[in-house]
Amino acid sequence: MAAKTLTRAAIGLLGTIAIPAMVAAQETPLTIGMSTTPTTLDPHEDSSAPNNATSRHIWDSLINLTGTSANAPELATEWKVVDPTHWEFKLRKGVKFHDGSEFNADDVIASLLRARDKPSQSFASYTRNIVNVTATDPYTIVVETKVPDPILLNSVSRIRIISADCKEAPVQDFDNGKCAIGTGAYSFVSYSPGSNLTLKRNDSYFAGPRTGRTSRCASCPMTAPVWHRFSPTRSTLSKPFLPMEWHVWKRAIICKSSTACLPALFILASMSAAMFRLS
């Protein structure tokens with residue numbers, strides 16, 4: 001309740017700030033505090049809340065399971081049941097990875113089978129029913145299951161789609177950035193395990209660059225970096241520390257400076273809840 005009150009108060013304050021102040025604040029990096037540290041950036045290695053929330057920034061899935069549990073198109077634009085054990089997915093054309101390479105069926109096949117076959121078996125509950133994934137053309141794939149699977153759409157929404165070039169890559173290649181290349185709304189800048197992760201906006205995102213919305217600005221560009229800082233406990237956040245270094249702690253705006261809070265407000269107003277499931 002306190003977080004909601006603080007957020008409403010901050011948004012109310014936003015309406016009194018002039019547009020020039022907004023523009024100046026846009027270049028301030030958004031710092032997000034996370035109470036639990038991701039174990040890796042490899043999106044198929046460990047299915048935990050902080051890992052999955054972090055990977056959601058960099059990679060997309062075939063389907064976006066929305067906050068209302070509806071299945072929304074993401075890298076797949078449509079799908080259908082071919083027969084009781086085969087599902088067909090039509091893939092989005094024109095999507096590019098952060099390195100400029102084209103997204104196609106090879107990447108989906110590599111990702112679903114990699115998540116299924118990873119020694120960690122962290123995504124086994126979502127992939128154990130998958131027998132095979134094949135392509136009928138560069139933008140159509142068929143998923144074969146062992147038995148009829150009525151929740152396959154939910155399962156594939158949990159699997160991030162990586163580049164097929166990284167299907168054999170070790171965890172280290174994701175953590176050092178070599179394979180931290182997705183199609184998502186944000187791209188990798190740097191990662192210090194246990195400390196912080198820095199991302200930047202993907203201006204070529206298929207759904208359009210992320211923007212913020214306020215009563216004064218219908219579409220404010222989010223050009224500043226997003227900096228995730230990992231902290232094991234709330235006690236780390238001492239009162240003098242809050243105003244200067246943290247804009248968002250989980251979903252609550254906690255800085256005192258209205259100008260410094262602006263980037264946080266933009267993102268909180270425009271991103272889906274999934275982007276802020278940080279712990």
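The values are calculated or read from the model by the stated rules, or taken from the named source; none is laboratory data. Note that the structure is predicted; figures quoted are calculated from it, not measured. Glycine gets a Cβ as well: all are built from the backbone with ideal geometry, and neighbour counts include every protein chain shown.
Observations on the model:
- Every listed requirement among (1) in a loop (DSSP other than H, G, I, E, B); (2) surrounded by 17 or more Cβ atoms within 10 Å (Cβ to Cβ); (3) modelled with pLDDT of 95 or more is met by W87 save one, (1).
- Near pairs, Cβ below 6 angstrom, 6+ apart or cross-chain, from segment 110-132 (under 16 Å from V142 (Cα atoms)) to any residue that is part of a helix (DSSP H, G or I) and of a type outside the set (K, R): A110/A164; R116/T127; T127/A115
- All conditions but one from (1) modelled with pLDDT of 95 or more; (2) among the polar types (S, T, N, Q); (3) buried (at least 19 other Cβ atoms within 10 Å of the Cβ) apply to T54; the one that does not is (1).
- Inclusion of G177 among residues that are out of contact with any His (no Cβ under 7 Å at 6 or more places or on another chain), closer than 26 Å to S204 by Cα and not basic (K, R) is warranted.
- For segment 164-176, the criterion of being charged (D, E, K, R) and modelled with pLDDT under 95 is met by no residue.
- Scanning segment 94-128 for residues that are closer than 14 Å to R158 by Cα, assigned to a loop (DSSP other than H, G, I, E, B) and touching a Ser or Thr at 6+ places or on another chain (Cβ under 7 Å) yields S122, F123.
- Among all residues of segment 140-155, there is none that is over 16 Å from W87 (Cβ atoms) and either surrounded by fewer than 17 Cβ atoms within 10 Å (Cβ to Cβ) or touching a His at 6+ places or on another chain (Cβ under 8 Å) (or both).
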